[in-house]
Each structure stands twice: as C-alpha cells, then as structure tokens.
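See structure below.
The values are calculated or read from the model by the stated rules, or taken from the named source; none is laboratory data. Since the model is a prediction, treat every value here as computed from it, not as a measurement. Here the Cβ positions follow ideal geometry from the backbone for every residue, glycine too, while neighbour counts run over all protein chains shown. We work out accessible area using only protein heavy atoms, side chains counted, and drop any ligands, DNA or RNA first. Shrake-Rupley method; radii C 1.70, N 1.55, O 1.52, S 1.80 Å.
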Amino acid sequence: MKKTASAFAASMLALGLSFAGSALAQDYPTKPITVVVPFSAGGPTDTVARLVAEVMSQDLGQQVVVQNVGGAGGTLGAGQVATAPNDGYTLLLHHIGMSTAPTLYRSLPYDPTTDFAPIGLITAVPMTLVARKDFEPNTLAEMMDYIKANGENVTYAHAGIGSASQLCGMLLMDALDAQMTTVPYQGSGPAMTDIIGGQVDMICDQTTNTTSQIQASEVKAYGVTSLNRLGNLPDLPTTKEGGLDLEIGVWHGLYAPAGTDPAIVERLEASLKVALANETVVSRFAELGTYPVTADEATPEALTQTLASQIELWRAVIEAAGVYAD
Ligand code: ASP
C-alpha cells in the first residue's frame, strides 16, 4: 500500500514537473541565452554568431550573448554545451568541425549525433588560401611549388585539430604531398592577426575572416575553395582553376543540448529563420562572401541530415590522411 501511495506521489510529481516544463517552454525565454562559439572572438565563427545573435535577441526579447570558449579545435566549447543544462539557455554555434572531430579525436568526450538537439543550419562559407603580404609566391601555382620545395620551412596557422583551417591545411598538404609546420591557435581571429603581422606564413580560412583583409591588401590571396569565383573577390581564382584539387565549404549549425524541450527548439528555429531573413544579416553576409541557408535548411531535420552525411564524408578523408589528435 505504502509502495502504491509513493508510486502515485512520484507520478503526480512527474506530472507536475511535466506541466511545469511546458509552462516554462511557453514563457521561454525569461532570461538571457548564451551561445557558445568554440573559437576566439574576432574570428569567422564568432562573426557569424554575433550577427545572428543580435537579431535573435530582438526577436526573442532577451539578450542572446555570445561566449567564446576556444581550445582543442572547437571540441572544448562543444563539450561544454553537451553537458550544459538542456533548458534552452545554453546553445552552441559550431561549424564543419562538428563532423570532423569524431574521427580526428578517438576519445572525444561527446557524441555530436546524440548529445545535441539540432536547431538549424545557418550558412555555408567558402575558404580562401591567404598568406602574409610579403610571402614570396604570387600565384596559386607558385604557392604550390613553394610549399613542395620548402615544406616544413613554411608555417601554416590553424585553429586547432578539428577546426576548418586545420582541415583545409590537411587537404592542401595531402594534395601537394608535402608537410608544412603547423601553428595552432584558439581561433583564426588571432591567427589572422599574426598573418597580417608577418609572424606566420599562411592560412586557409573562411571568407568571413579574409574578405576585408584581401580587399585591403593586408594579406596575399591565392585562391577560393568554391566551385565558382566570388562576386566580391572577382580576381581570385578558384582552387580548381589553379589546378589544385581542394574544394570545401564550411557549414555552420545551431544546437541545444540533447533533451531540450521540442517547443523550445521550435521557438529557437523560428528565431533563427527570422535572423537569416534579416536585411542587415543578409547584406553583411554577402559582403563577407557567404549567404544564409534557405528557410527549409534552417531546420533540425536539415542539420541532422547534414551532420550525419558530413561525418561519413570526412571520416573517409581523415582516415585516408591518417591525421589524429590523440
Ligand atoms: N575559422 C576557424 C576554423 O579554422 C575557427 C574560428 O576562429 O572561427 O575553424
């Protein structure tokens, strides 16, 4: 009897909690939301996050605050969100690294496919191969020859194993069958500062971090990793045109921790769509050589599907290159 009564009490409690849960979802958000960017401030992922967060703040009526948690190629910040409370107040804005980390890190402390509730894709950004402005080679062909001839004397900056710049560098070295000396940073914002300052030779990074520097001639640019040339960098050849077999687009997604109330995920998805249709976001993205995804891609389904297929795609490439973080 006692057992039945306490079971009843427990189920009432559960019922009460579930009522409380949906009431919470209805009122959501009632306090500021943190979006973790797993790289330094001032870099390309940070740029995308801050543009989107500003409009989401207006739409949600609460501050959406970007927090930079750089380190270990984005896996530190992602790991932090994987174990954060799943109440909709801690989110993750990450990129293609969500799909490369499971292969690069054999002991990754989180599972990208089960520890997160995907909210939606955001944008896909091409990458550019750039160098300090007094780096000797002037064209993509010269740059390839230079790396082949000078190998480890060339320094290549990246944002840690698991970052897009590391992935692009790995593909470049693989394509040239050469090895450069890699210099890791907590994000490509600080890496770009060192390229401009001449402390490191080159990087492959998203146009969101390189377009203005290329336009201002602060760096030397060799090629863009998209299939077609970019409207705002018309003189920059594609890697394919330059005879380099390296094509890559860096996609970004927004995630909550797994188990987040579906009503909260839905609210965030709607808000993300508002941000991606916002005129300022669209025009700033365009200036940076990127375009928001369409509304049917800014969805949990599209992000889930992209993540799964990209994990498979990069697994094969990384295993063939034999590069691992641990
Ligand atoms: N673009 C960087 C990367 O290489 C990360 C960043 O700082 O946003 O992945």
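Here are a few things to note about the model shown:
- Considered as a group, the residues in region 193-210 that are open to solvent by less than 10 Å² (accessible area, probe 1.4 Å) and more than 9 Å from the ligand (Cβ to nearest atom) include one that is farthest from the chain's Cα centre (by Cα), and that residue is 200.
- Residue tally, condition within 16 Å of the ligand (Cβ to nearest atom), in a helix (DSSP H, G or I) and among the polar types (S, T, N, Q), over region 36-79: 3
- Residue count for region 109-164 under the criterion of being more than 16 Å from the ligand (Cβ to nearest atom), aliphatic (A, V, I, L, M) and free of Cβ contacts under 8 Å to residues at least 60 places away in the same chain: the result is 3.
- Near pairs, Cβ below 7 angstrom, 6+ apart or cross-chain, from region 215-235 (basic (Lys, Arg)) to any residue that is open to solvent by less than 20 Å² (accessible area, probe 1.4 Å): 220/130; 220/131; 220/135; 229/236; 229/238
- Taking (1) within 20 Å of residue 320 (Cα to Cα); (2) within 9 Å of the ligand (Cβ to nearest atom) in turn, residue 187 satisfies each apart from (1).
- Going through (1) more than 16 Å from the ligand (Cβ to nearest atom); (2) open to solvent by 60 Å² or more (accessible area, probe 1.4 Å); (3) at pLDDT 95 or above one by one, residue 264 falls short only on (2).
- Number of the exception - residue 181 against (1) hydroxyl-bearing (Ser, Thr, Tyr); (2) in contact with a strand residue (DSSP E or B) (Cβ under 6 Å, 6 or more places away or on another chain); (3) open to solvent by less than 50 Å² (accessible area, probe 1.4 Å): (3)
- Residue, nearest to residue 81 (Cα to Cα), within region 114-130, restricted to residues that are buried (at least 24 other Cβ atoms within 10 Å of the Cβ) and among the hydrophobic types (A, V, I, L, M, F, W, C): 116
- Among the conditions (1) open to solvent by less than 50 Å² (accessible area, probe 1.4 Å); (2) under 27 Å from residue 311 (Cβ atoms); (3) among the charged types (D, E, K, R), the only one that residue 111 does not satisfy is (1).
- Residue count for region 137-170 under the criterion of being farther than 19 Å from residue 74 by Cα and either open to solvent by less than 40 Å² (accessible area, probe 1.4 Å) or in a helix (DSSP H, G or I) (or both): the result is 17.
- Residue that is nearest to the ligand (Cβ to nearest atom), among those in region 89-108 that are open to solvent by less than 30 Å² (accessible area, probe 1.4 Å) and small (Gly, Ala, Ser): 97
- Taking (1) away from the ligand (no atom under 16 Å from the Cβ); (2) under 16 Å from the mean Cα position of the chain (by Cα); (3) of a type in the set (A, V, I, L, M) in turn, residue 84 satisfies each apart from (2).
- Boolean, residue 174 is part of a loop (DSSP other than H, G, I, E, B), modelled with pLDDT under 95 and open to solvent by 50 Å² or more (accessible area, probe 1.4 Å): no
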